[in-house]
Amino acid sequence: MAQEARYIYSIAKMGTRVSLGEIGIEKTEVFTIPYKDIAAVVHSCQPLAYDTLDKAQAEEWVLSHSYVIDQAMKKFGSVLPFSFDVILKGEDSAILEWLGKNYSLLLLDLEKVKGKAEYTIQIYYDYDVLASRVLLGDAKLMDLKGQIERESRGKAYLLGKKLDQKVKALVSIEAARLADKSLTEIKSQVDELKIDGKRWTPDNYKGLSLLASYSCLVRDDMAARLGETLDEINCMEGFRVRFTGPWPAFSFVNCRELS
């Protein structure tokens, strides 16, 4: 069994061996192992997983992992990021062998993300604001609302339930229309886009409904324009946009199996 291993953070488009300093997990020295014009960003370690029951320790390791990838991205440009705890048994020669085996595919992926970064977009809306808008825009519903105000308590309750159901259905339709509209606008300004499933909602967005959630691969020269488009949505009454990045392109690369 190999007594040494290399922890892999990312692959960069550069061809020299350099040290990034002691910025890795547990303050380890991070350095590059070059092969032709690409290099693995790594640190030396034992061939053991970083595993702990200490939640604070685990979070610190993950933050260190992300920090190294961010620093590599700043130093070398767009990189192919690896997920946490990818370890290849062996010394530098093992990394060189793996880079050689996967060179053509890694180079293609690096070209794909060159001059680009990943951004996340979440668009939220206030249900009550959108409900008021669709209600005011529908004469029949406004007539029903007026009728409710004139009826007895029992009948008003039943009509109120009917009104709520109709408004809810119209809000769903309007939300879908707005999501499609935003998707069309955003797609025109990004290279690739993935519709995300349910994402964690920050505390300051709770109480709002999620209209759309996207991960986007964006050229560096298009990021500001995309931000302006999202600002326009954010300025609409009842809407809030969460726009984060630039991040390494985790969602748009498929790093090869270590074998």
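Numbers at a glance
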read-out	value
Criterion: within 25 Å of Ser172 (Cβ to Cβ), assigned to a loop (DSSP other than H, G, I, E, B) and of a type in the set (Asp, Glu) - qualifying residue of Glu185, Glu237	Glu237
Those strands (runs of 3 or more DSSP E) lying entirely in segment 6-102 with at least 3 residues among the aromatic types (Phe, Trp, Tyr) and in contact with a helix residue (DSSP H, G or I) (Cβ under 8 Å, 6 or more places away or on another chain)	none
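Yes/no matrix, rows are residues, columns are (1) closer than 30 Å to Thr201 by Cβ; (2) crowded, with 20+ Cβ neighbours inside 10 Å; (3) charged (D, E, K, R):
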site: Asn102; (1), (2), (3): no, no, no
site: Val113; (1), (2), (3): yes, yes, no
site: Glu118; (1), (2), (3): yes, yes, yes
site: Gln122; (1), (2), (3): yes, yes, no
site: Ser132; (1), (2), (3): yes, no, no
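Here's the yes/no breakdown for (1) assigned to a helix (DSSP H, G or I); (2) within 27 Å of Met73 (Cα to Cα); (3) at pLDDT 90 or above; (4) β-branched (Val, Ile, Thr):
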{"residue": "Lys161", "(1), (2), (3), (4)": "yes, no, no, no"}
{"residue": "Gln165", "(1), (2), (3), (4)": "yes, no, no, no"}
{"residue": "Leu170", "(1), (2), (3), (4)": "yes, no, no, no"}
{"residue": "Lys194", "(1), (2), (3), (4)": "no, yes, yes, no"}
{"residue": "Asn204", "(1), (2), (3), (4)": "yes, no, no, no"}
{"residue": "Met222", "(1), (2), (3), (4)": "yes, yes, yes, no"}
{"residue": "Asp231", "(1), (2), (3), (4)": "yes, yes, yes, no"}
{"residue": "Gly245", "(1), (2), (3), (4)": "no, yes, yes, no"}
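The values are calculated or read from the model by the stated rules, or taken from the named source; none is laboratory data. Only a predicted model underlies this, so the values are computations on that prediction, with no experimental measurement involved. In this analysis, Cβ positions are derived from the backbone assuming ideal geometry, glycine residues included, and neighbour counts consider all displayed protein chains.
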